[in-house]
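The values are calculated or read from the model by the stated rules, or taken from the named source; none is laboratory data. What you see is a predicted model, and the numbers here were worked out from it, not measured in a lab. Virtual Cβ from ideal backbone geometry, glycine too; neighbours counted across all protein chains shown. Just so you know, the surface numbers come from the protein's heavy atoms only, side chains and all, with ligands and any DNA or RNA stripped out. Shrake-Rupley method; radii C 1.70, N 1.55, O 1.52, S 1.80 Å.
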Amino acid sequence: MAKTIPNYDLYGDQASPAWSNSFSFEWIPQRSKPYQWEIQVHRHDAFVQLLYLSAGFAEVTVNNARIRADAPCFIVIPAGAAHGFTFSPQVDGPVITATQKVLESMATLLMPELLAVIRTPRVIPLPGDNRHVDSLMPLFLALERESRIHASGQTAAGMSLLTALLVQVARIAGAPDAGTRAEPAAGSRKNRQIEQFKTLLDQHFCAHWPVQNYAEALGLTAGQLSRICREVLGMSSLDVINARLLHEAQRDLVYTSSSIKQLAGELGFEDDAYFSRFFKRHTGLSPREFRAQALAQLAGAPAPD
C-alpha cells in the first residue's frame with residue numbers, strides 16, 4: 001500500500017483552505033529548529049514554497065529525488081510536490097508560502113514565462129556576480145513587513161511583491177552564467193508525466209474526463225497513471241481529478257456571486273443537485289453552507305450555525 005504523504009499549509013500545521021489567497025513569511029530556523037532541522041516529506045495541495053538559503057546547506061528531497069543545496073541558493077517547491085528537507089544547524093534565510101493559483105493567474109497576465117518557474121521544482125545556485133541576486137533579499141524583507149502589518153490590501157501587495165521576486169528568479173535562472181540546476185526529479189519520466197497530466201487536467205476538468213481518457217492521452221493505462229500519481233503525489237489519479245474540480249468549485253463559491261445552479265453548469269455538472277452531492281461528499285458541507293462559512297471567515301465574523 002502506498003504511503004500517505006501528509007498535506008500541510010506550513011509543515012506541522014493543518015492545511016489552509018485551497019481557495020484562500022494567503023501568503024506567509026518565516027525564517028527557515030523558525031520552522032526547522034523545533035524539528036531538529038528535519039522536515040519530513042509532505043506536500044501542499046494549493047501552495048508554492050520559495051526558499052532563499054543565505055547560510056548553511058540542505059539536503060532536499062522532492063518527488064523521490066535528493067539534491068544538496070548549498071547557500072546561497074533559491075529553492076522552488078510547487079504545489080503538489082512531495083518534499084522534505086534536512087537542514088544544517090547553520091542554515092538561515094527566508095521562506096515564503098503562497099497560493100500558487102493566484103500567482104499563476106498574475107503570471108499569465110504579466111509574464112507567462114514565470115509559469116515555468118512557479119511550476120518546476122528546482123534548486124538554483126545564486127552566483128555572486130549576478131546583478132539580479134542583490135534584489136532578492138530586499139524583496140523578501142518587504143514581504144516580511146507586509147506579512148506582519150495586517151493592513152488593507154495585504155494580499156494584493158504581497159502577491160505583487162512575490163511576482164517581482166519571481167521575475168528576479170527567472171532572470172537569474174535564465175542567465176547563461178547562473179549555473180542553474182533543475183531538480184533532477186523534475187526531469188524524470190514520472191514527473192514529466194505528472195506535469196502533462198496536470199496540464200491536461202487544467203484543460204479538461206470541466207468536461208469530467210474519466211481517468212481512462214487522461215491515461216490514453218498520456219500513452220498509459222488507467223492503472224499505470226494511478227500508480228504514478230500515488231508514487232509522486234501520494235493520492236490516486238481519481239483523487240487528483242476530484243481535487244482539481246473541488247478546488248475550482250471552492251474558489252468560485254467564495255469569489256463569485258454566481259448561483260449554485262450557474263456554478264454547477266460552468267463546472268460541467270448535469271444539474272445543481274448532482275453538484276451539491278459531489279461537493280458535500282468531499283467537504284461535508286453543501287455548497288451554500290461552504291459559501292456562508294467561507295465568506296464569514298474572510299469577513300472575520302463567526303460562521304453561521
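Of all accessible surface on the chain at a 1.4 Å probe, what whole percent is carbon and sulfur? Could you put the intermediate results ahead of the total?
On the way: 7470 of 14290 Å².
Taking all protein chains in place, the chain shows 52 percent carbon and sulfur surface.
Accessible surface calculations at 1.4 Å, restricted to protein heavy atoms, place the range 45-179 at 38 Å² per residue.
The angle separating the long axis of helix 272-283 from the principal Cα axis of greatest extent in the chain is about 40 degrees.
Expressed in nm to one decimal, what extension gain is obtained for the pair GLN36 and GLU59 from 0.36 nm per residue of sequence separation less their Cα-Cα distance? Before the final figure, lay out each step's value.
Numbers: separation 23, 0.36 × 23 = 8.28 nm, distance 1.38 nm.
Result: 6.9 nm gained on full extension.
Counting only aspartates and glutamates at least 8 places from LYS198 when in the same chain, those with an alpha carbon closer than 18 Å to its own are ASP45, GLU104, GLU113, GLU216, GLU231, ASP239, GLU248. Picking from LEU238, ALA58, PHE85, whose Cα lies most toward the positive end of the charge dipole for the chain (charges on Cβ: Lys, Arg +1; Asp, Glu -1)? So the residue we want is LEU238.
Can you show me the helix-derived [θ] at 222 nm for the chain, built from DSSP H runs with n ≥ 4 at -39,500 (n - 2.57) apiece and divided by the number of residues, rounded to the nearest 500.
The helix contribution divided over the chain gives -14500 deg cm²/dmol.
The calculated FRET efficiency for the pair CYS206 and ARG131, based on their C-beta separation and a Förster distance of 51 Å, comes to about 0.70. Applying 1/(1 + (r/R0)^6) with R0 = 25 Å to the Cβ-Cβ distance of ARG288 and ASN242 gives a FRET efficiency near 0.80.
Taking amide H as placed 1.01 Å from N in the peptide plane, VAL91 has its amide H under 5 Å from the amide H of PHE57, each at least 5 places away in sequence or on another chain. If one takes the longest principal axis of the Cα atoms in the chain, at what angle in degrees, from 0 to 90 and to the nearest 10, does the Cα axis of helix 189-204 lie? The two axes meet at around 40 degrees.
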